[in-house]
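Undergrad: Please see the structure below; I have some questions.
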Amino acid sequence: MSKCKFGVHEIEYLGHIISGKGVQTDVANTAAMVQWPAPKTLKSLRGFLGLTGYYRKFIRSYGSIAAPLIDLLKKNSFCWNDKAAVAFELLKTAVSNPPVLRLPDFTKVFTIECDASGVGLGAVLMQDSQPIAFYSKALKGKALLLSTYEK
């Protein structure tokens, strides 16, 4: 009984707040990401990316924003630079202002909006013009050379 809640308007579950409005991030968890200091080590950067990666479905273009930080994870590549600092701040801003994601209604039509740019791919799963989830991926290697249609 200690783990049960009845008659509440919202409930916390696995770092998310679920309510009649939809699903949103837990403010306590996002506050930790916003207060995260600039990484000085590879371990610290991995920790930050792991924490923000858990909430990537709330962040539009997560893959493109985080690409400069992910590049630092390559072997012998950790050298904090201006691009990484800008990406770090953009990611902190995106995490601090996430949208409320709509809960899916399987009796209604789903809409997928896709986008491909020179550096990444993105998609939004929506219903009634409200987002349900975001997907994004940074491109690397041969995928960067593909045409927009092929991406």
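Undergrad: Answer yes if at least one residue in the stretch 89-106 is more than 13 Å from the chain's Cα centre (by Cα), more than 18 Å from I132 (Cα to Cα) and not in a strand (DSSP E or B), and no otherwise.
TA: yes
Undergrad: State all residues of the stretch 107-126 that are loosely packed, with under 11 Cβ neighbours inside 10 Å, assigned to a loop (DSSP other than H, G, I, E, B) and either touching a Phe, Trp or Tyr at 6+ places or on another chain (Cβ under 9 Å) or modelled with pLDDT under 90 (or both); if no residue qualifies, say none.
TA: Residue satisfying the conditions is G118 alone.
Undergrad: Check the stretch 36-56 and report whether any residue there is over 28 Å from T148 (Cα atoms), out of contact with any Gly (no Cβ under 7 Å at 6 or more places or on another chain) and of a type in the set (V, I, T).
TA: yes
Undergrad: Whether any residue in the stretch 98-113 is free of Cβ contacts under 8 Å to residues at least 12 places away in the same chain and in contact with a strand residue (DSSP E or B) (Cβ under 9 Å, 6 or more places away or on another chain) is what I want to check.
TA: no
Undergrad: While we're here: Just to be sure I understand, how many residues within the stretch 1-30 are touching a residue at least 60 places away in the same chain (Cβ under 8 Å) and in contact with a helix residue (DSSP H, G or I) (Cβ under 9 Å, 6 or more places away or on another chain)?
TA: So the count comes out to 4.
Undergrad: Tally up the residues in the stretch 126-135 that are closer than 10 Å to K57 by Cα and aliphatic (A, V, I, L, M), please.
TA: 2
Undergrad: Here's something else I'd like to know. In the stretch 24-66, how many residues are polar (S, T, N, Q), farther than 19 Å from S136 by Cα and modelled with pLDDT of 85 or more? Show your work before the answer.
TA: So the first thing to find is which residues in the stretch 24-66 are polar (S, T, N, Q), and the list is 24-25, 29-30, 35, 41, 44, 52, 61, 64.
Next, from what is left, pick out any that are farther than 19 Å from S136 by Cα: 29-30, 35, 41, 44.
Going one step further and asking which of them are modelled with pLDDT of 85 or more, we end up with 35, 41, 44.
Residues flagged as polar (S, T, N, Q), farther than 19 Å from S136 by Cα and modelled with pLDDT of 85 or more within the stretch 24-66 amount to 3.
Undergrad: So, in the stretch 36-55, of the ones that are among the aromatic types (F, W, Y) and over 15 Å from A84 (Cα atoms), which residue ends up farthest from the chain's Cα centre (by Cα)?
TA: Y54
Undergrad: Scan the stretch 1-49 residue by residue and report those that are more than 19 Å from S96 (Cα to Cα), of a type in the set (A, V, I, L, M) and surrounded by 10 or more Cβ atoms within 10 Å (Cβ to Cβ).
TA: Residues satisfying the conditions are I11, L42.
Undergrad: Taking the residues in the stretch 127-136 that are part of a strand (DSSP E or B) and surrounded by fewer than 18 Cβ atoms within 10 Å (Cβ to Cβ) as candidates, determine which candidate is modelled with the highest pLDDT.
TA: The qualifying residue modelled with the highest pLDDT is Q127.
Undergrad: Taking S64 and the conditions (1) buried (at least 18 other Cβ atoms within 10 Å of the Cβ); (2) farther than 29 Å from K21 by Cα; (3) of a type in the set (S, T, Y), which numbered condition does it fall short on, given that it satisfies the others?
TA: (2)
The values are calculated or read from the model by the stated rules, or taken from the named source; none is laboratory data. A quick note: this is a predicted structure, and the numbers were derived from the prediction, not measured. Heads up, the Cβs are rebuilt from the backbone with ideal geometry, glycines too, and the neighbour counts pull from every protein chain shown.
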